[in-house]
Amino acid sequence: MEGKVSLRFALAVFYYSFLVGVHQVRTVSGGDTTPPTIVCPANIFGYVREITQVMTFTWSNPTVSDDSGVQPTVTTSPNYPQPTGTFDFGTYPITYTAEDGAGNMASCTLTINVILDTQPPTFTGCPDQRQSLVPSDSDSVIVTWTEPVGSDNIGITNTERSHRPGDSFSLGVTQVTYTFFDRAGNQASCIFSVNVTGW
Ligand SMILES: *[C@@H]1O[C@H](CO)[C@@H](O)[C@H](O)[C@H]1NC(C)=O
């Protein structure tokens, strides 16, 4: 009887020290040493054509995970409580840092670039004045031309045309305009006229 009690006691002491030992091993080794994973969204580029212009962007939060399964705490530097902001021209790095419960950290940087561009587009192949005769049985005529081509240091985003090759033109002089816009909103126009005369 007495022997059983002391055996139980010995087992209890052993088990207790095992638990404490395990706990100590965890504490000594520092436990979780794996940093979280954090992936920032792609860098953002915007273009302005005046120093006073500002741009507002909204981006997505970084993708964050941790091997603990617990969502890490995420902070930003400089502080952006929401993933949105208004910027004038310049370069703005925003660093996101994730920290897990064990204090492991990982960070990524999203850079917002607002580029000032005052250079208007250029173009080639602006047609000379078109001269056309209306057929005798009509008061309009189809006119064609080769379209001018725009180019720009930061890229053409839009081309506005008043007419297209193959449009029908009536008697008289009609002005045809191609306006090329770059990403910053700078513009340049090719203007020529179509002169339609009768017999
Ligand atoms: C249009 O063409 C006619 C006939 O060639 C010419 O007389 C007239 O001057 C032209 N008009 C313009 C604005 O060039």
*For residue 130, list long-range residues whose amide hydrogen, built 1.01 Å from N in the peptide plane, is under 5 Å from its own amide hydrogen.*
193, 194, 195
*For 164, 130, what's the largest-to-smallest order of accessible area, 1.4 Å probe?*
164, 130
*Which parts of segment 172-199 would a label at residue 164 reach, counting a residue when its backbone N lies under 16 Å from a point 7 Å out along Cα-to-Cβ?*
177-179
*Put 181, 89, 169, 45 in order of accessible area, largest first, 1.4 Å probe: what do you get?*
45, 89, 181, 169
*So what does the Cα-only Debye profile of segment 50-199 read at q = 0.12, 0.15 Å⁻¹, as log10 I(q)/I(0), no solvent term?*
-0.70, -0.85
*Taking the Cβ-Cβ separation of residue 84 and residue 153 as r and a Förster radius of 30 Å, what is the calculated FRET efficiency to the nearest 0.05?*
0.55
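Just how many % of Cα pairs in segment 112-199 lie over 15 Å apart, if you round to the nearest whole percent?
Details: 2327 of 3828 pairs.
Value for segment 112-199: 61 percent of Cα pairs lie more than 15 Å apart.
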_Sites residue 144 and residue 173 - FRET efficiency at Förster radius 25 Å, r taken between beta-carbons, to 0.05_ = 0.90
_List 49, 183, ordered by accessible area with a 1.4 Å probe, largest first_ = 183, 49
_Segment residue 115-residue 34, length gained on full extension (0.36 nm per residue, minus Cα span)_ = 25.3 nm
*When the accessible area of segment 78-199 is computed with all protein chains present and a 1.4 Å probe, what percentage of it is carbon and sulfur?*
47 percent
*Note down the accessible area of residue 171, probe 1.4 Å, to the nearest 10 Å².*
100 Å²
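If each residue of separation counts as 0.36 nm, what is the full-extension length gain between residue 134 and residue 95 once their alpha-carbon separation is subtracted?
Working: separation 39, 0.36 × 39 = 14.04 nm, distance 6.65 nm.
Gain in length upon complete extension: 7.4 nm.
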*Modelled label-to-label distance, residue 105 and residue 73, 7 Å Cα→beta-carbon offset: nm?*
1.1 nm
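The values are calculated or read from the model by the stated rules, or taken from the named source; none is laboratory data. Every value quoted in this text rests on a predicted model; they were computed, and no experiment measured them. For neighbour counting, all protein chains shown are included, and Cβ atoms are generated from backbone atoms with ideal geometry for every residue, glycine included. Calculation scope for accessible area: heavy atoms of the full protein, side chains included, ligands and nucleic acids excluded. Shrake-Rupley method; radii C 1.70, N 1.55, O 1.52, S 1.80 Å.
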